[in-house]
Amino acid sequence: MTPDDAPTSLRGRRLAGAVAGLLAAGVALGVAELVAALVNGRASPVVAVGGSAIDATPRWLKEWAIRSFGTHDKTFLVGAILVVLVVLAAVTGMLAVRDRSVGLAGVAVLAVVGALSAGTRPGARLVDTLPSLVGGAVGAGALILLLRSLRPLEHRAASPAPPAAGPVYDRRAFLLTGIGAVAVGAAAGVAGRSALSKRVDVAASRAAVVLPAPRTPAPPLPAGADLRVPGLSAFQTPTRNFYRIDTALLVPQLTTKNWRLRVHGLVDREIELDFATLLARGLVERDITLTCVSNEVGGPLIGSARWLGAPLADLIREAGPHPDADQILSRSIDGMTIGTPTAVVLDGRDALLAVGMNGAPLPVTHGFPVRMVVPGLYGYVSATKWVVDLELTRFADAQAYWVRRGWAETGPIKTMARIDTPGAFAQVKTGRVAVAGVAWAQHRGIDRVEVRVDGGPWQQARLASVPSTDTWRQWVLPWQATRGQHILQARATDPSGVPQPEQATDPFPSGATGWPEVQVDVV
Ligand SMILES: Nc1nc2c(c(=O)[nH]1)N[C@H]1C(S)=C(S)[C@@H](COP(=O)(O)O)O[C@H]1N2
Ligand SMILES: [Mo]
């Protein structure tokens, strides 16, 4: 710009810069709101900053605020934070007209404050920092675009020189960019809010569930089901550590009130039932170990829980399945399809429409309010979460989601052992070391687990007791460890008497095979 038009030009552009700062902050907040709703169902960074501010406020000030504002103290706090944000955003935008890096630094500082607050709230996880960081990044992008349209016209090669008293920047471009920013921020914010409010519904619905006592309680755990060897997986996997596998980007939000299950297809009588009717059918409680077909040898995609649910076989029988209906095609509210052999569900095993997991209603991520659990089958052919529809059909007529993608049509769980301790590449001391792990062959059972060191003779491990064949089984072998590097291998055997094969194969298409192996360093 030329020295003589600087004062008016700069004033006008600074004012527009302040507006740009406010718009960018709006975009950032809207996007943060949406990301917060998507990644964790928690509130926006503003609320997190508010929470941190409350924690950091001295007690006298807190008490003054409560006295002065009563139950509106939180509203006041959020309002105060927004006012501070508005001022900072406007000032940042103004300064950024002269120097873009000042604007970006301002956005970065605000994003980091939001991320730190959200990431340090009680119970926070790393993903809680995402809303601020993504919001900040998108806000920075909006600021850059807005500032670009604020560049003095004479600096832009293609633009005609501005008339002496006319606008000093491209007002039309700024207006259009600004409208775009408002639209993006508002759309993201509204979408985030509505997603968040649905989640709150589901949390309330879950909190309101009163699980009836089981008509048939789980058989008591035999003494010594848990060997309690340090480093060995607990017999019952704590729900918070239970693996989660699904295709849902957004966890389906289904309340008990909105839940219905329809049984139809090749049946004599269609059935439709609601949540209360399902509970009233009488529930059984069972320890069952769930396994994912994608689990690698030695992998973590397995967990054991105490499930509470209605027997699935009874319901299917009531519907009167036609003899040729060899597949129960279950569907979840988010459109996942899973095909289970009808014969397996009806063969007397404890196939469940589960509503409870480890003594509580199903967590939303594990299928609230109702999921299937069928002992002995990998999850992708049996464990439909958020299940709402059971269609009796034929494998020849309808293919489920993963089967269409080449995975095996039926997925019985393969016999498998896992070495939990010592861990891979662990350093252990010479002398007696407990080698321990779990082994599983759900619904057939584990008869033997053997361990060998450096390819030597197989040694039989001691097996823990189990309540049924539907769970994994712990095992332990005391080993006299000698100095040096050693390879430990394990193999399990089910009642067929044939040990699991040595041949290592990929999980695709029907589950991994091979002996688990760990290398340890004895010092
Ligand atoms: N609706 C739905 N149900 C699903 C899936 C899914 O993607 N969507 N994945 C299945 C697979 S592959 C497995 S292994 C189990 C995992 O259950 P979990 O997440 O409770 O451990 O859920 C099954 N049920
Ligand atoms: Mo799976």
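Within segment 242-264, residues that are free of Cβ contacts under 8 Å to residues at least 12 places away in the same chain and closer than 16 Å to V370 by Cα have Cβ atoms under 9 Å from residues that are more than 13 Å from ligand 1 (Cβ to nearest atom) and of a type in the set (S, T, Y) in these pairs: N258/S205, counting only partners at least 6 apart in sequence or on another chain. Among the residues examined, L221 does not qualify as in contact (Cβ under 8 Å) with a residue 24 or more places away in the chain, surrounded by 17 or more Cβ atoms within 10 Å (Cβ to Cβ) and among the aliphatic types (A, V, I, L, M). The set of residues in segment 235-248 being exposed (fewer than 14 other Cβ atoms within 10 Å of the Cβ), away from ligand 1 (no atom under 11 Å from the Cβ) and assigned to a loop (DSSP other than H, G, I, E, B) consists of P238 alone.
Candidates are the residues of segment 298-315 that are aliphatic (A, V, I, L, M), in contact with a strand residue (DSSP E or B) (Cβ under 7 Å, 6 or more places away or on another chain) and more than 16 Å from ligand 2 (Cβ to nearest atom); the one that is farthest from L261 (Cα to Cα) is L308. Set side by side, the residues I333, I328 differ, and just one is within 15 Å of ligand 1 (Cβ to nearest atom) and under 23 Å from P361 (Cα atoms), which is I333. Checked against (1) within 16 Å of ligand 2 (Cβ to nearest atom); (2) within 19 Å of M357 (Cβ to Cβ), T247 passes all but a single condition, namely (2). Name the residues in segment 370-391 that are touching a Phe, Trp or Tyr at 6+ places or on another chain (Cβ under 8 Å), assigned to a strand (DSSP E or B) and of a type in the set (V, I, T), would you? Those that are touching a Phe, Trp or Tyr at 6+ places or on another chain (Cβ under 8 Å), assigned to a strand (DSSP E or B) and of a type in the set (V, I, T): V373, V388. Taking the residues in segment 490-523 that are without any contact (Cβ under 8 Å) to a residue 40 or more places away in the chain and not acidic (D, E) as candidates, determine which candidate is farthest from A408 (Cα to Cα). This residue is V498. In segment 374-407, of all residues being within 16 Å of ligand 2 (Cβ to nearest atom) and among the polar types (S, T, N, Q), the one that is farthest from R199 (Cα to Cα) corresponds to S382. Scanning segment 352-373 for residues that are within 16 Å of ligand 2 (Cβ to nearest atom) and over 23 Å from A234 (Cβ atoms) gives a single hit, M372.
Filtering segment 367-406 to residues that are at pLDDT below 95 and within 11 Å of ligand 1 (Cβ to nearest atom) leaves Y401, W402.
Of all residues in segment 421-442, those being buried (at least 20 other Cβ atoms within 10 Å of the Cβ) and assigned to a loop (DSSP other than H, G, I, E, B) number 3. Has segment 261-280 got any residue that is touching a His at 6+ places or on another chain (Cβ under 6 Å) and more than 16 Å from ligand 2 (Cβ to nearest atom)? Yes, segment 261-280 contains at least one residue that is touching a His at 6+ places or on another chain (Cβ under 6 Å) and more than 16 Å from ligand 2 (Cβ to nearest atom).
For segment 377-391, the set of residues classified as of a type outside the set (D, E, K, R) and either in contact with a Cys (Cβ under 8 Å, 6 or more places away or on another chain) or surrounded by fewer than 23 Cβ atoms within 10 Å (Cβ to Cβ) (or both) consists of Y378, G379, Y380, V388, listed by residue number. Considering segment 105-139, and only residues there that are outside any loop (DSSP other than H, G, I, E, B) and surrounded by fewer than 17 Cβ atoms within 10 Å (Cβ to Cβ), the residue that is nearest to the chain's Cα centre (by Cα) turns out to be V127. Exactly one residue out of P501, P509 is touching a Ser or Thr at 6+ places or on another chain (Cβ under 8 Å) and assigned to a loop (DSSP other than H, G, I, E, B): that is P501. The criterion of being closer than 22 Å to P501 by Cα, surrounded by 20 or more Cβ atoms within 10 Å (Cβ to Cβ) and more than 16 Å from ligand 1 (Cβ to nearest atom) holds for V451. Looking at P321, P252, can you tell me which residue is within 11 Å of ligand 1 (Cβ to nearest atom) and either crowded, with 21+ Cβ neighbours inside 10 Å or farther than 16 Å from G356 by Cβ (or both)? Step by step, each of P321, P252 is checked, and only P252 is within 11 Å of ligand 1 (Cβ to nearest atom) and either crowded, with 21+ Cβ neighbours inside 10 Å or farther than 16 Å from G356 by Cβ (or both).
Here the condition is being closer than 30 Å to P369 by Cβ, at pLDDT 75 or above, not assigned by TED's automatic domain parsing to the domain that holds D274 and not β-branched (V, I, T); of A181, A140, A173, A204, it holds for A204 alone.
The values are calculated or read from the model by the stated rules, or taken from the named source; none is laboratory data. Everything numeric in this text was worked out from a predicted model, so none of it was measured. Heads up, the Cβs are rebuilt from the backbone with ideal geometry, glycines too, and the neighbour counts pull from every protein chain shown.
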